[in-house]
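A short worksheet on the structure shown next.
The values are calculated or read from the model by the stated rules, or taken from the named source; none is laboratory data. On a predicted model such as this, the values are computed, not experimentally measured, just so you know. So basically every Cβ, Gly included, is an ideal-geometry build from the backbone, and we count neighbours across all protein chains shown.
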Amino acid sequence: MDQQDPTAGSSRVAISRHYFIAQLMQFFREIGRLASEEVVLQLITSKCIPVILYGSEACPLTKSDLLSMDFVKKSIFMKLFKTRIIYHVKYCQECFSFDMPSDLWRKL
C-alpha cells in the first residue's frame, strides 16, 4: 500500500511559494511603478497565481498551508499599495475583487 507523507503538502507549498515570490519579484523589477495597480494585479493573477496553485489539488493542504498562501497575496497588496494596515489591504482586495489563494483552492 502506498501511503502519502503528511508533510509532503507543506513542502510543496513552500516550494510553490518560493517560485511565486521569485516570479513576483521579477514582475516588480521589470514593471516597477510604470504600470497601474490594475495591470500589475492582472499580471499577477494570470502569471503568478497559477504557480502557487499548481498541483495543490493533488496534495493534502493544511490550514497552515492555506494561510501561508494567503499571506503571500496579502504581502503583494502591502507592497503594491505601500501599507501595512490590514484593514486597508482587505479594502483594496475587495475593490479589485481579488480572491485569496485559499478561496481559489477550495473552488478546484
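A few remarks follow.
- Search result, residues across region 90-103 that are over 15 Å from Thr62 (Cα atoms) and either within 14 Å of the chain's Cα centre (by Cα) or in contact (Cβ under 8 Å) with a residue 60 or more places away in the chain (or both): Gln93, Phe98, Asp99, Met100
- Looking only at region 55-87, residues that are more than 22 Å from Glu30 (Cβ to Cβ) and either without any contact (Cβ under 8 Å) to a residue 12 or more places away in the chain or not β-branched (Val, Ile, Thr) (or both) come to 21 in all.
- Restricting region 11-40 to residues that are out of contact with any Gly (no Cβ under 9 Å at 6 or more places or on another chain) and crowded, with 16+ Cβ neighbours inside 10 Å leaves a set whose member that is modelled with the highest pLDDT is Val40.
For (1) under 21 Å from Ser97 (Cα atoms); (2) surrounded by 13 or more Cβ atoms within 10 Å (Cβ to Cβ); (3) at pLDDT 75 or above; (4) among the aliphatic types (A, V, I, L, M), each residue gets a yes or a no:
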position	(1), (2), (3), (4)
Asp5	no, no, no, no
Leu43	yes, yes, yes, yes
Thr62	no, yes, yes, no
Asp65	no, yes, yes, no
Ser68	yes, yes, yes, no
Val72	yes, yes, yes, yes
Ile76	yes, yes, yes, yes
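- For region 48-81, filtered to residues that are of a type in the set (Lys, Arg) and over 11 Å from the mean Cα position of the chain (by Cα), the residue that is farthest from Leu104 (Cα to Cα) is Lys79.
- Qualifying position, being at pLDDT 85 or above and of a type in the set (Phe, Trp, Tyr), among Phe81, Phe98: Phe81
- Within region 90-108, tally of residues that are farther than 15 Å from Val40 by Cβ and among the hydrophobic types (A, V, I, L, M, F, W, C): 4
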